[in-house]
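See below for the structure under consideration.
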Amino acid sequence: MDYILKSRNVELNDEIKEYVERKIKSKIEKFDGKIIKVEIEFSLEKNPSINLNNKIVVTIFTPRAVVRATEFGVDFFEAIDRVNHKIEEQVKKYKNKMIQKGRKGPEAKVEAQEPQESFEDLKKIVKTKKFEIKPMTPDEASLQMELIGHDFFLFVNAETGKTAVLYKRRDEDYGLIEPQN
């Protein structure tokens, strides 16, 4: 298993490295040796108005899934404790799904094609909206998104001709998702 620590805008001391290894490794051992790689990225947001500016992202790569958790704290120790709890929940959820998958007999494989039966734990779609998608620039899309008060906005990018999603990030800036091809 590869265990990789990364940092951005911050120098990691030995105390933090030992603490994260002690806390996180104990949770990921519950995967029973099926982990390919673990990446832990530390970053420090330099915006003085952000109180919880110590960020940690833990990504666990297994043969069948990628488990990721992100948390913030006033210091890295708090962020590690928070992400540790999240990782534990994610690992439990993943293991329970694998156990349920293993318990189903051959007749369950046919049922797996029925979304309502195989994904009972997922949230239901309770509302559907249809609207005309007009070509616009990302700047125009951000204005439209602000006007309707949403956290994301689907549009056709007039510059590329491709469908795109504009979204509001935690730092209040915007992100743009576009297809690669």
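The figures follow:
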quantity: Selection from Ile40, Val10, Ile87, by position along the positive dipole direction of the range 2-105 (Cβ); calculated: Ile87
quantity: Around Val156: net Lys/Arg minus Asp/Glu count, Cβ-Cβ under 12 Å; calculated: -2
quantity: Cα Rg, Dmax (largest Cα-Cα span) when computed across the range 2-105, Å; calculated: 14.9, 56
quantity: Sorted by Cβ neighbour density within 10 Å, fewest at the top, the residues Ile60, Ile99; calculated: Ile99, Ile60
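Since every read-out is calculated from the coordinates, none of them should be taken as a lab result. If you're wondering where the values come from, they're calculated on a predicted model, not measured in any experiment. Cβ atoms come from the backbone with ideal geometry, glycine included; neighbour counts cover every protein chain shown.
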